[in-house]
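The structure under discussion appears below in the form of structure tokens.
Coordinate-derived values only; no laboratory data. Just so it is clear, the structure is predicted and the values come from calculations on it, not from any experiment. Note that we place each Cβ from the backbone using ideal geometry, even for glycine, and neighbour counts take in every protein chain shown.
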Amino acid sequence: MDIRKEHILVVILMAGIIGFFGIPHISQPSCQPVRQVDLDETFLVLPRETDLNVTFSVLPRMSYPQPFLDKPRRTDVLLMSPWLAPIVWEGTFNRDILNAQYRQKNVIVGVATFAVKKYVRFIEGFLGSANKFFLSGHRVNFYLFTDHPEKVPSMKLAPEKRLFIIPVQNYSRWQDISMNRMDIISSHIRSRWRYEVDYLYSMDIDVQMFEHIGVEIIDTLVGTISSWQYTKPRDSNSYERRPESRAAIPSGEGDFYYAASFYGGSVSEVYRLTTACFKGVTEDRANGIEAKWHEESHLNKYLLYHKPTRLLSPEYYWDEELSRPRIVRVKRLSSVRKDLKEVRF
Ligand code: 5GW
Ligand code: MN
């Protein structure tokens, strides 16, 4: 009884003190930045007005099998990275649900692709198949960089698809064509794409699509796991390991091996990625070193330290030269076989 009385007394006393002096102030450091942000390289201010209009659209009723926590759709593959990014595999998602959700957002996706020199021959196969299978029913702007605009075949695209042909110079060394992609993408984001699209994907032109590639690919930062190295131990992956290169990944590190042929994400994340990778390429050049797999090595370094928020399984970039294992149920996109000597020189 006594103890209770004491407690009440203490509470009354405290209330009196707080009432008289105010709540004790815990001092905070005055807005010290936690880390230094290099404005020139990593920071991009997108002109953006937060839309507070709320419209309630009525979605059509959908019937689909109920999901159950104890019944995973697939148990033969990894569905989630250790940092909780989903890995997209056939059989794990319902495209109708995704489409219905995304249609409300009305997003525009940009695709940057290059057809320089002899690679113009791949334009028709790429655009023809992408028109049919890439984000079918959603708005897509294809940005095609070429040194031969006159050779772009005239093709009828779906009404929600648009093609922009952007003239570009050719480079004498083939490595430079693919390495400069990063620089060209980053400067076009700065000058126009940030006003034109919500998401941006970079894709090789020497590929064709065979199955739908839909809104399941859309996320903030997206990498595709290479079909060549999807089961290799990290130390036998093709990462650049020489510490002299800016693309170097120390041994014992590495998550997946990502393909430079297909990556993307939100416009500002792709800006950060391409700017950082091109900076690495430029510094390597100045130091007289070229990373093992060129811009792909720099991409892998970047994605190791800036974890992708979503990963595409090798279904999304299957190399024709490989025989397909059971876990890769569909070949959505695949490289076109090419005679390297004939096409590159
Ligand atoms: C030329 C010679 C060697 C390597 C690349 C090229 C090359 C690449 C070219 O002459 N023209 C060209 O437009 N490219 C672009 O870079 C294409 O968009 C191509 O898809 C991309 C990457 O080069 P790839 O596809 O030869 O690289 P891999 O690793 O897929 O064989
Ligand atoms: Mn390619």
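List of remarks:
- Single residue of the range 186-210 satisfying the filter (away from ligand 2 (no atom under 16 Å from the Cβ) and of a type in the set (Val, Ile, Thr)) that is nearest to residue 268 (Cα to Cα): 189
- Listed conditions (1) aromatic (Phe, Trp, Tyr); (2) farther than 16 Å from residue 262 by Cα; (3) in a helix (DSSP H, G or I) are all met by residue 126, apart from (2).
- Residues of the range 326-345 classified as more than 23 Å from residue 133 (Cα to Cα) and either in contact with a strand residue (DSSP E or B) (Cβ under 6 Å, 6 or more places away or on another chain) or surrounded by 11 or more Cβ atoms within 10 Å (Cβ to Cβ) (or both), total: 2
- Checking the range 269-282 against the condition returns no match, with no residue being more than 16 Å from ligand 2 (Cβ to nearest atom), hydrophobic (A, V, I, L, M, F, W, C), in a loop (DSSP other than H, G, I, E, B) and within 18 Å of the chain's Cα centre (by Cα).
- Of the candidates 156, 118, the single residue that is basic (Lys, Arg) and assigned to a helix (DSSP H, G or I) is 118.
- Within the range 283-317, being within 16 Å of ligand 2 (Cβ to nearest atom), in a helix (DSSP H, G or I) and in contact with a helix residue (DSSP H, G or I) (Cβ under 9 Å, 6 or more places away or on another chain) holds for 295, 296, 297, 299, 316.
- Any hit, the range 237-251, residues being over 19 Å from residue 81 (Cβ atoms), touching a residue at least 60 places away in the same chain (Cβ under 8 Å) and surrounded by 20 or more Cβ atoms within 10 Å (Cβ to Cβ): yes
- Within the range 101-125, being closer than 30 Å to residue 57 by Cα, surrounded by 14 or more Cβ atoms within 10 Å (Cβ to Cβ) and more than 19 Å from the chain's Cα centre (by Cα) holds for one residue alone: 103.
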